[in-house]
Amino acid sequence: MLNITHETLRKALRASVKPSGGPTNGGLDNHMWAAVVDRIGIVRAVCFSGDALGDQWPGSRSIAIAKANTANAFSLPTFAFSTANLYFGAQPGGFLYGILETNPVDTATMYGGDTAAYGTGEDPMVGKKASGAVIFGGGLALYDGSAIIGALGVSGDTSPGDHNIAWRLRKALGLDGVPAGITADNNDAIIFDIGLMGKSSSGYGHPTSGLKEDDVAKEIGSSANGK
């Protein structure tokens, strides 16, 4: 059962990002948004790491929610997919091409309610069904060691930087008991194996940004080779 409060999520997020005292993610080191959904896909908490709503990209609130929705929707009790793992297969000609059309954003709920409450304990999305699909880094399923209980979405930086923050945040929440995944390490880490010809040797690769997210990913164990 997912039991994460707004306060718990915000405290862990602030400790995971550089602007509020945490370590670097290797990317732009922006303030971030985070959202969690339960296994049914209901939003349980939405928060941001800055002091005010505009301290982080406003557009990333909906992306964080959609990332959580995606990781939950495409992970199983015995096998996890991060949103980063979906990137390459969702490109034109890939085996997941068209996945973005399968879970469209419900604009009435995603952008409804009092905007002043966005990211607070009274965020209008709390208690509502998440929507949207995202196929780049920042979404991870949540495992309590015995079961999948929902998912986490993080947004506000480069997509591999988002993945690093999500990896740290999941660990801080104690919900990183991933049973299996597509990587050689048998988890849902990001795979940086897209070569010069634009091909992923594993079929589950994700691009780098040209910054240092891949270095940080190696340090914190959030990247791995594909199978």
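So for the pair W57, K199, with labels modelled 7 Å out along Cα→Cβ, what separation do we get in nm?
Between W57 and K199, the simple spin-label model gives 3.1 nm.
Quick one: Karplus J couplings for region 148-158, per residue in order, coefficients 6.51, -1.76, 1.60, θ = phi - 60°, nearest Hz, x for Gly and Pro?
Couplings: 7, 10, x, 7, 10, x, 10, 8, x, 9, 5 Hz.
Just to check I understand the Karplus step: with θ = phi - 60° and J = 6.51 cos²θ - 1.76 cosθ + 1.60, what whole-Hz values come out for region 24-41, glycine and proline as x?
Ordered by residue, 3J(HN,Hα) equals 5, 9, x, x, 8, 6, 7, 5, 10, 9, 9, 9, 10, 10, 7, 5, 7, x Hz.
Which value, in nm² and rounded to one decimal, describes the direction-averaged projected area of the C-alpha convex hull of region 129-189?
Working: hull surface 18.2 nm².
That works out to 4.5 nm².
How large is ³J(HN,Hα), in whole Hz, for each residue of region 204-219 in order, when computed from phi with the Karplus curve 6.51 cos²θ - 1.76 cosθ + 1.60 and θ = phi - 60°, using x for Gly and Pro?
Couplings: 10, x, 9, x, 8, 9, x, 9, 10, 4, 5, 5, 5, 4, 5, 5 Hz.
Quick one: check the C-alpha center-to-center distance for region 114-141 versus region 43-79, whole angstrom.
Using only Cα atoms, the two centres lie 5 Å from each other.
Straight-line reach only, C-alpha to C-alpha below 17 angstrom: list the lysines that K67 could link to, leaving out same-chain residues fewer than 8 apart.
Result set, ordered by chain and number: K128, K129.
Report the percentage of all Cα-Cα pairs in region 6-217 whose separation exceeds 26 Å, rounded to a whole percent. Can you show the working numbers first?
On the way: 6019 of 22366 pairs.
Everything past 26 Å amounts to 27 percent.
Give me the lysines in straight-line cross-link reach of K18: C-alpha distance below 17 Å, same-chain residues under 8 apart excluded.
K171, K212
If you stretched the chain out fully between K129 and N3, how much longer would it get, using 0.36 nm times the residue separation minus the C-alpha to C-alpha distance? The partial results should precede the final answer.
Values: separation 126, 0.36 × 126 = 45.36 nm, distance 1.66 nm.
Gain on extension, K129 to N3, equals 43.7 nm.
Give me the number: length gained by fully extending K11 to S146, i.e. 0.36 nm times residue separation minus the C-alpha to C-alpha distance, one decimal in nm. Present the calculation step by step, with values, prior to reporting the outcome.
Values: separation 135, 0.36 × 135 = 48.60 nm, distance 2.49 nm.
Between K11 and S146, full extension yields an extra 46.1 nm.
Values quoted throughout were computed directly from the atomic coordinates according to the rules given, and no laboratory measurement underlies them. Small disclaimer: the values here were computed from a predicted structure and weren't measured. Using ideal geometry, Cβ is built from the backbone for each residue, glycine included, and neighbour counts are taken over all protein chains shown.
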